[in-house]
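Inspection log for the structure reproduced underneath, given as structure tokens.
The values are calculated or read from the model by the stated rules, or taken from the named source; none is laboratory data. What you see is a predicted model, and the numbers here were worked out from it, not measured in a lab. No Cβ is skipped: glycine too gets one built from the backbone with ideal geometry, and neighbour counts run over all protein chains shown. Surface areas here come from the heavy atoms of the whole protein model, side chains and all, with no ligands, DNA or RNA. Shrake-Rupley method; radii C 1.70, N 1.55, O 1.52, S 1.80 Å.
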Amino acid sequence: MIHPTTDGLVDFIPAARLEELLRRPAAQAPEVHEVLARSAAKQRLTLDEMAALLSVADPGLQDEMFATARELKKTVYGNRIVLFAPLYIGNKCTNACRYCGFRSDNHDIVRRTLTDDELRAEVLALIGKGHKRLVIDYGEHPDYGAETIAHAVEVIYATKSGSGEIRRVNVNCAPLDVAGYRLMKEVGIGTYQIFQETYHRPTYAAMHPRGNKADFLWRLYGQDRAMEGGCDDVGLGALFGLYDWRFEALSLLAHAIHLEETFGVGPHTFSFPRLKDASNRDLDPRYATSDADFKRLIAILRLAVPYTGMILTAREPARLRRELIEFGVSQIDGGTRIELGGYSEAAQNQDLEREQFRIGDERPLDEIVSELLDMGEIPSWCTACYRKGRTGEHFMEFAIPGFIKRFCTPNALLTLKEYLSDYASDEVVAKGERLIAAELAALPDSDATRLLVERLGAIGDGQRDLYF
Ligand code: SAM
Ligand code: SF4
């Protein structure tokens, strides 16, 4: 897979300026309050403003930051958490990313690419648990070109079990060229996401010594090409633990600003994976991001870019996921297996020789749903916006008054009702019905509420896939 030249592309991450911003003195109360007021007014922050939040050392001011992030999440996104599952399809890889179990010089890993039949078996297993949204994952290899990935997306959408089906396939694969992204759009992918891993070029060079991924700019412009190819929901991310987390946070904001300025729309999601143990990995632990810093990172990203969805994966342990959700996370995965064939072949324990890294939350989907219900969150499998052509939905949730009440909450409740009807344990059915009743009781007496009640009843009577 030789990719075209990146000659003429400029690095839009202002690294020297970011390093300088990180050397600033700690912000004091008046400045912090001013920045928090801008966040609370749903303004996207500037690099200087984010640097002010990153510099805060006073525990009292940090608590104020957390409180504003919590409030922003509540007022902007309400109490919904979208659930998805990652699906690994192929782990052959020609790159040598130092942190990853799939890297080409790791000869201990079992290499595998799912056949169509194996892929269908995985999808049926996921549908059987109640999943509706997937993100598919690949290594970077000549076998995994755009046509192959597009074919897999078609196989997934065509795989049904009774009324169960996958309704949104997001893609996490090596950056493609514009024609490749056009193909992704044609087969109806949801979000296209890639993580820059680190925006710090010396670290990037050290971490990616060989293969296509060694080209920093080719990757940095991956989302631009996706946009040009028509995939207008793109995800950004960095792998936390390779370099200073504050530099990566500022860079994510710089990347978001670049997309806003170039395409008039910012990123659909941020991902912030933290480095985990992987087969034959031996990395410098100097930049390991502590739980306390990770919490700051999530709150500050929420405050800095209030229109973007935030994904917290099962890399993190259950206890921490519970705590971090309230600072602005909008999507989590559940029932996660990341070994190839892991959903349908049921190995009992994690095996680092078969997977990319070790995960921290192995709980089944139903247990995670149960916990969300206990927390008063509505588990949602909603795919309505994307299927109605309302792309950039996070932006609409944030920007259009009443959008959440009109679309997101009703759709979350409809998908929850489906889950309760088809997949949930008795205990979760009881908790879920209680939550639906409480949410309905809080809605105004209106035609829209009556229509929602009618549709919930229709799902109870066996209809499926109803949405607004
Ligand atoms: N191979 C493609 C690529 O590199 O862009 C697809 C993504 S890879 C399957 C998914 C992501 O997992 C990587 O982008 C990286 O951020 C993350 N990852 C790799 N090794 C990891 C580790 N040891 N711990 C946590 N996340 C890791
Ligand atoms: Fe390959 Fe992606 Fe792993 Fe790098 S992170 S070795 S490109 S699978």
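Before moving on, here are some points about what is shown:
- Any pair with Cβ under 8 angstrom, 6 or more apart, that starts in the stretch 33-47 at a residue that is touching a residue at least 60 places away in the same chain (Cβ under 8 Å) and ends at one that is open to solvent by 60 Å² or more (accessible area, probe 1.4 Å) and of a type in the set (Asp, Glu): LEU36/GLU64
- Residues of the stretch 413-461 satisfying the condition of being assigned to a loop (DSSP other than H, G, I, E, B) and either under 28 Å from the mean Cα position of the chain (by Cα) or at pLDDT 95 or above (or both): TYR423, ALA424, SER425, ASP461
- Any hit, the stretch 123-140, residues being over 23 Å from the mean Cα position of the chain (by Cα), open to solvent by 20 Å² or more (accessible area, probe 1.4 Å) and away from ligand 2 (no atom under 16 Å from the Cβ): no
- Considering residues of the stretch 269-314 that are more than 16 Å from ligand 2 (Cβ to nearest atom), touching a Phe, Trp or Tyr at 6+ places or on another chain (Cβ under 8 Å) and in a loop (DSSP other than H, G, I, E, B) only, the residue farthest from THR391 (Cα to Cα): THR289
- The residues of the stretch 214-235 that are crowded, with 24+ Cβ neighbours inside 10 Å and within 11 Å of ligand 1 (Cβ to nearest atom) amount to a single one, GLY235.
- Out of ILE89, ILE81, ILE109, sole residue that is within 13 Å of ligand 2 (Cβ to nearest atom), part of a strand (DSSP E or B) and either under 21 Å from THR191 (Cβ atoms) or open to solvent by less than 60 Å² (accessible area, probe 1.4 Å) (or both): ILE89
- Positions within the stretch 150-177 being within 28 Å of LEU217 (Cβ to Cβ) and open to solvent by 30 Å² or more (accessible area, probe 1.4 Å), in sequence order: ASP177
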